[in-house]
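*Asks:* Got a structure for you, questions after.
Laboratory data are not the source of any read-out in this text; all were calculated from the coordinates shown. Remember, it's a predicted structure, so these values are computed and weren't measured experimentally.
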Amino acid sequence: ARIGTDAAADGDLACWVCGQNHAAIVMASSSWVCFECRIAVRRPTQHTGEVPCAACGAMCVSLGYKTPIPSKQDLRAWRELQQAETEKKQRQAAAAQRARVRQRHALEQEISRLEAMPKNAGRASAIRTLRRRLGDV
């Protein structure tokens, strides 16, 4: 269902979790799970805060809206789900690291290219900007 922009602008519709108006956003629910208690809860996909487990208070892990949740009694399926989620997070971290290395390399190459050019004010400014961006990566 879509939230109407007019109603949200008037403050009539607010997210039941965070209280914010999510105007013109498709409201779907994501699954958040506690692997210790094998409990799943649903929150709107726009929810950006942490979700504590109702049973133990530990922070739940977001699995998205497509991942099927095993029954509480199926320990093997829960272990497999936790392992798959751990591997997914490791792949995402490795991909992010590769992207940072590529970005850093591209910045270093552009700095080298500019340094090889004749000196002028625009070149010096561009090099300073690129070095600042390089420090941020």
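*Asks:* Using 0.36 nm times the number of residues separating A106 and R133, minus their current alpha carbon distance, what extension gain do you get?
*Replies:* Net length gain for the segment: 8.6 nm.
*Asks:* Hey, what do the phi angles of region 108-119 turn into as Karplus ³J(HN,Hα) couplings, whole Hz, using 6.51/-1.76/1.60 and θ = phi - 60°, x for Gly and Pro?
*Replies:* Residue by residue, region 108-119 yields 4, 5, 5, 4, 4, 4, 5, 5, 6, 7, x, 5 Hz.
*Asks:* Right, something else. Fully extended, how many nm does the chain gain between A55 and A96 (0.36 nm per residue separation, minus their Cα-Cα distance)?
*Replies:* 11.4 nm
*Asks:* Give me, ordered by chain and number, the residues 5 or more places off T45 or on other chains with an amide H under 5 Å from its own placed amide H.
*Replies:* Answer set, sorted by chain and number: A28, S29, S30.
*Asks:* Next up: Would you pull out the residues with amide H under 5 Å of I39's amide H, same chain only if 5 or more places away, H placed 1.01 Å from N?
*Replies:* It is C34, by chain and number.
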